[in-house]
Every structure is written in C-alpha cells, then in structure tokens.
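Structure first, then comments.
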Amino acid sequence: MKPNQVGRDAVVDRIAREIEFTGLFAGSVVMTLEGEMPVEQLAAGDRIITRDTGMAPIRTIRKKEITCDVVSIMAGSLGHTRPERDVTVPADQRVLIRDWRAEALTGQKQALIPARELVDGEFVCMQEAQTVTVYEIELERAQVIYADGLEVVTRISAEELASAA
C-alpha cells in the first residue's frame with residue numbers, strides 16, 4: 001500500500017456500510033420541482049430540489065427492507081423548524097448540520113453527520129435493530145436533498161463508490 005493510501009480502504013469500507021443502511025422511510029416528504037411529495041410517490045426521472053445544484057433528476061429509486069438501528073429526531077430539535085415534524089431515519093443516514101453541533105463534532109461550520117452521532121437521549125433518540133422499509137434515492141451523484149425539513153444525503157452510486165477506491 002502506498003503511503004498516500006493508508007486508511008483509504010477503511011474509509012471505503014465505512015462508506016459502503018453506511019450506504020447499505022440509509023434511505024428515507026415511507027411518508028418522508030421530499031422537495032421536488034412540483035412541490036413537496038411523499039418519497040413513495042417519487043419515480044425515476046422526477047426532479048428534486050438539491051442544496052448542491054438546485055435541481056437533479058432521480059436516476060433510480062429503490063424500495064428495500066433492512067434491519068438497522070434508527071434515530072428519532074423531535075421536531076425543531078436541530079434548529080428553528082428543523083426538522084419540520086418528528087422524523088425517524090436510519091442511524092447511518094447522513095444529515096447536513098449547520099450549527100454549533102457541526103463545530104462541536106468536527107470543528108467545521110457545517111458537516112455531514114450520521115444521525116447516530118446526534119443522539120442526545122432526549123430530543124434525538126436511538127432505537128436499536130428494527131426492520132424497516134426504506135426508499136433509496138440515487139441521483140447522478142450523491143447530493144444533499146430536503147426531506148421533512150432535514151438536509152440529507154442521497155445514495156452514493158456504485159460509480160462514485162468505485163472512484164473513491
């Protein structure tokens with residue numbers, strides 16, 4: 001292994017594990033060009049609003065059942081109206097945080113944090129090993145989208161994961 005690649009395999013393995021257990025639960029409301037829509041009504045070709053590029057068409061949307069830890073986030077607990085209502089997400093779902101939490105956890109003004117790292121036991125709570133149905137939204141590349149007032153990352157495509165290797 002070359003010195004500039006030390007630890008890279010561990011990062012790719014962690015990302016692969018995280019994307020295995022991410023997605024949105026049925027009933028999650030996603031911002032689209034046509035307005036807010038439940039994730040289960042979205043289809044390939046629908047255009048959703050992204051933080052990164054403004055708009056992106058959905059390449060693929062997959063529905064699958066997984067068993068994972070989930071995190072419940074109380075409405076307003078991540079800032080003013082964030083999320084807009086009580087939300088439950090897979091524990092490995094990355095959420096964009098742009099407040100004091102980002103600085104406390106990463107030293108940055110904003111950061112993509114797995115929901116499990118936001119657990120405080122009062123407003124953000126972990127529920128272990130549940131079998132749930134998730135909808136994975138895949139765009140041309142991973143982007144931050146708006147779902148239930150949260151900013152969350154979409155699924156990383158196989159091409160993106162391969163290029164990270």
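The values are calculated or read from the model by the stated rules, or taken from the named source; none is laboratory data. If you're wondering where the values come from, they're calculated on a predicted model, not measured in any experiment. No Cβ is skipped: glycine too gets one built from the backbone with ideal geometry, and neighbour counts run over all protein chains shown. All accessible areas refer to the heavy atoms of the entire protein, side chains included, with ligands and DNA or RNA removed. Shrake-Rupley method; radii C 1.70, N 1.55, O 1.52, S 1.80 Å.
Please work out which residue is modelled with the highest pLDDT, limiting yourself to region 1-12 and to residues that are out of contact with any helix residue (DSSP H, G or I) (no Cβ under 9 Å at 6 or more places or on another chain) and in a helix (DSSP H, G or I).
ALA10
Look at THR50 and say whether it is surrounded by 14 or more Cβ atoms within 10 Å (Cβ to Cβ) and of a type in the set (Ser, Thr, Tyr).
Answer is yes for this residue.
For region 66-121, give me each residue that is under 22 Å from VAL39 (Cα atoms) and acidic (Asp, Glu).
ASP69, GLU84, ASP86, ASP92
Provide a single number: the residues in region 78-94 that are under 15 Å from CYS125 (Cβ atoms) and touching a Pro at 6+ places or on another chain (Cβ under 8 Å).
Total satisfying the criteria: 2.
May I ask you to say which residue of THR81, THR60, THR53 is at pLDDT below 90 and more than 15 Å from the chain's Cα centre (by Cα)?
THR81
Taking into account only those residues within region 32-47 that are among the hydrophobic types (A, V, I, L, M, F, W, C) and over 14 Å from the mean Cα position of the chain (by Cα), which is surrounded by the most Cβ atoms within 10 Å (Cβ to Cβ)?
Across region 32-47, the extreme among qualifying residues is LEU42.
Give ARG98, ARG155, ARG85 a once-over and let me know the one that is open to solvent by 40 Å² or more (accessible area, probe 1.4 Å) and touching a Ser or Thr at 6+ places or on another chain (Cβ under 9 Å).
Only one candidate passes the filter, namely ARG155.
Report whether or not LEU78 is more than 18 Å from THR154 (Cβ to Cβ) and open to solvent by less than 20 Å² (accessible area, probe 1.4 Å).
It is true that LEU78 is more than 18 Å from THR154 (Cβ to Cβ) and open to solvent by less than 20 Å² (accessible area, probe 1.4 Å).
Looking only at residues in region 102-117 that are in contact with a helix residue (DSSP H, G or I) (Cβ under 7 Å, 6 or more places away or on another chain) and not β-branched (Val, Ile, Thr), which one is modelled with the lowest pLDDT?
Among residues in region 102-117 that are in contact with a helix residue (DSSP H, G or I) (Cβ under 7 Å, 6 or more places away or on another chain) and not β-branched (Val, Ile, Thr), the one modelled with the lowest pLDDT is LEU105.
Give, as residue ranges, the strands (runs of 3 or more DSSP E) completely inside region 60-165 that count at least 2 residues that are under 23 Å from GLU40 (Cβ atoms).
60-73, 87-90, 94-97, 124-138, 144-147, 150-153
Taking region 13-49 as the search range and keeping residues that are among the hydroxyl-bearing types (Ser, Thr, Tyr) and assigned to a loop (DSSP other than H, G, I, E, B), which one is modelled with the lowest pLDDT?
The selected residue is THR22.
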